[in-house]
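Worksheet: the structure to be examined is printed underneath.
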Amino acid sequence: MKTALKSLLVLWLTAVIIAGIAVPMVKSPSGPLEFPVIPGLEEKARNIFFHVPMAWTSVLAFFMALYSGVRYLRSKDQDHDLRSVSAAGLGMMFCILATVTGSVWAKFNWGSFWNWDPRETSIFILLLIYGAYFVLRSAVEDEEKRATLSAVYSIIAGVTVPFFVFVMPRIMSGLHPGSLGDEQGSGPVVQMNMAPNMLVLFFASLAGFTLLYLWMLSLRVRTARLEAVTNTIE
Amino acid sequence: MVTPIPYQVFVKEVASEFRTRYALNALLMFVVTTLTMVVFSLGDNTVPYEILSGMLWIVIFFSAMSGLSRTFVTEEERGTSLTLRLLTSATNVYIGKFLYNVVLILAMSVFIAFAYRLIIDDFVVRSSSIFWTTIVLGGIGLAAASTILAAIIAKANTKGTLFPVLAFPVLLPLLLTCIRATVLSVEGAFFSEAFKDFQILVSFSVVMIAASVIVFEYVWND
């Protein structure tokens, strides 16, 4: 059963990646296998099928790390700390992927890899938070203390995340699709009124990446548990 | 009439600070040194006011970092944290320490702001109401985030260097908003134009204080 689900997920994501790259973009689409051209984005719009799910996953991972941290503080069960650190590690990986895909996209759409757009600033801060979280963890030897302090830090950092993800890009004008400074062209992408077939692929990708993340998370948690057991035996 | 316990913790903080005046003196020297460096690096050049507003908050941020990092480290070093833990609840300790930090930060940032405006001729504030509201709200937000982070630092093995690393990502929304509001104050904007920024500053402080009060117990009673 589980193997079947996992193979299905692999097929699913392969299909999403192939469709995201290969489905042609034409001026007047005549069927579900053709995407409409979005003025101002053109072929670069394909990034939405990869970049947005990655960014979504990294934020989701952060909140899962936060949630496990809270669970740890309430129960003092070391297993929740394992879940928290595994989620944070994966979140950092997806955050780096989202930063790289976004940066490459920015090079071709805006002309430079990095120009401190509000969205770029907020994902950079998310990276810094993940970085600080792991630096804090490496600074504390004692297992219990490490779990408590990193859980508290993730809560404190977590309450500021809404300011970045939701508040800052909306009060500062920027060029990212969906922000205030972006008046033409890319609006439809973020306001979720893109073509129905693009929307289907987008949500298929979002679901695929989320499931991939959950699968990787369960693998990491299991490895971390085994490592914890071997450490106590030694 | 019994004075509230958080206030007593606050009084204890002030008393132990005035016994040595270590933090005050160190902070004063830090501010003077940084401001001097800013003045020397500017030289006779005319610098855009946006950059001057940013530099003001760089000075305030790093002064706050050097001044507040020791909030809880001193308790651990002197071994007084156990007594404090026996005498009163975690929330009382947090509120007392937070009040002390607010007073310290406000005194410090008002001093920095005055000195900065006095020393740097290009930095002309046209809307004083926006400027001082930003300084006060920014100071409260800085103190709110620094207090809980200082508690984390005191329990971690590496005491000093980690503090700015942990604080920077948490404080960036506050600092960016403060810089924006300061730019508005130099431009001579109306108070209502900066109102959105003040809303962000207030909500940041409220959220930070609420979260700190809830989680402080776990750090303190460890």
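Worth pointing out:
- In order along region A:145-157, the Karplus-derived 3J(HN,Hα) couplings, from 6.51 cos²θ - 1.76 cosθ + 1.60 at θ = phi - 60°, round to 4, 4, 5, 5, 5, 5, 5, 5, 5, 5, 5, 4, 5 Hz, and Gly and Pro are given as x.
- Note, ³J(HN,Hα) from phi for region A:84-96, Karplus 6.51, -1.76, 1.60, rounded to Hz, x at Gly and Pro: 4, 6, 5, 4, 5, x, 5, x, 5, 4, 5, 5, 5
- Residue order by solvent-accessible surface for B:Glu76, B:Glu13 is B:Glu76, B:Glu13, largest first, with ligands and nucleic acids left out and a 1.4 Å probe.
- Peptides A:132-139, B:95-102, B:120-127 ordered by packing proxy, namely the average of other Cβ atoms within 10 Å per residue, highest first: B:95-102, A:132-139, B:120-127.
- Gyration tensor (alpha-carbon) shape descriptor, the protein assembly as shown, a/c threshold 1.5: oblate
- Heavy-atom accessible area ranking, 1.4 Å probe, most first, across B:Phe168, B:Phe198: B:Phe168, B:Phe198
- Cross-link partners for A:Lys107 among the aspartates and glutamates, with Cα-Cα distance under 18 Å and sequence neighbours closer than 8 places in the same chain left out: A:Glu42, A:Glu43, A:Asp117, A:Glu120, A:Asp182.
- Overall form of chain A per C-alpha gyration tensor (a/c, 1.5; a/b vs b/c): oblate
- Per-residue Karplus couplings for region A:212-221, computed as 6.51 cos²θ - 1.76 cosθ + 1.60 with θ equal to phi - 60°, are listed in order as 4, 4, 5, 5, 4, 4, 5, 4, 5, 5 Hz, Gly and Pro entered as x.
- Residue (of A:Leu136, A:Val37, B:Tyr116) at the positive-pole extreme of the protein assembly as shown, dipole from beta-carbon charges: A:Leu136
- Heavy atoms of A:Ser28: accessible area, 1.4 Å probe, square angstrom to 10: 90
- Partner chain coverage, peptide A:211-224 - average Cβ within 10 angstrom: 0
- Accessible surface ranking that places the most exposed of B:Glu217, B:Glu77 first, with a 1.4 angstrom probe: B:Glu77, B:Glu217
- The protection proxy used here, the mean number of other Cβ atoms lying within 10 Å of each residue, ranks peptides A:10-20, B:201-211 as follows, highest first: B:201-211, A:10-20.
- Relative contact order computed over chain A (Cα-Cα under 8 Å; 6+ residues apart), in percent: 26
- Chain A: angle of helix A:118-139 to the longest principal axis, Cα-based, in degrees nearest 10: 20
- Counting only alpha carbon atoms, the long axis of helix B:90-119 and the longest principal axis of chain B meet at about 20°.
- Farthest toward positive dipole pole in region B:5-220 [+1 Lys/Arg, -1 Asp/Glu at C-beta], among B:Ile95, B:Asn45, B:Val186: B:Ile95
- Per-residue mean of C-beta atoms belonging to partner chains within 10 Å, peptide B:167-175: 6
- Normalising the average separation of contacting C-alpha pairs (under 8 angstrom, six or more residues apart) by the number of residues puts the relative contact order of chain B at 28 percent.
- Counting Cβ atoms of other protein chains within 10 Å of each Cβ in B:209-219 and taking the mean gives 4.
- Packing-based order for B:130-137, B:48-55, B:29-36, using average beta carbon neighbours within 10 Å, highest first: B:130-137, B:48-55, B:29-36
- Angle in degrees between helix B:195-220 and the longest Cα principal axis of chain B, rounded to the nearest 10: 20
- Listed residue (A:Phe203, A:Leu60, A:Leu127) projecting farthest to the positive dipole end of chain A, Cβ model: A:Phe203
- Counted by Cβ distance under 15 Å from A:Lys76, the other residues give a net charge of -3, where Lys and Arg count +1 and Asp and Glu count -1.
The values are calculated or read from the model by the stated rules, or taken from the named source; none is laboratory data. This structure is a prediction, so every number in the text was calculated from the model and none was measured. No Cβ is skipped: glycine too gets one built from the backbone with ideal geometry, and neighbour counts run over all protein chains shown. Note: areas computed on protein heavy atoms with side chains; ligands, DNA, RNA excluded. Shrake-Rupley method; radii C 1.70, N 1.55, O 1.52, S 1.80 Å.
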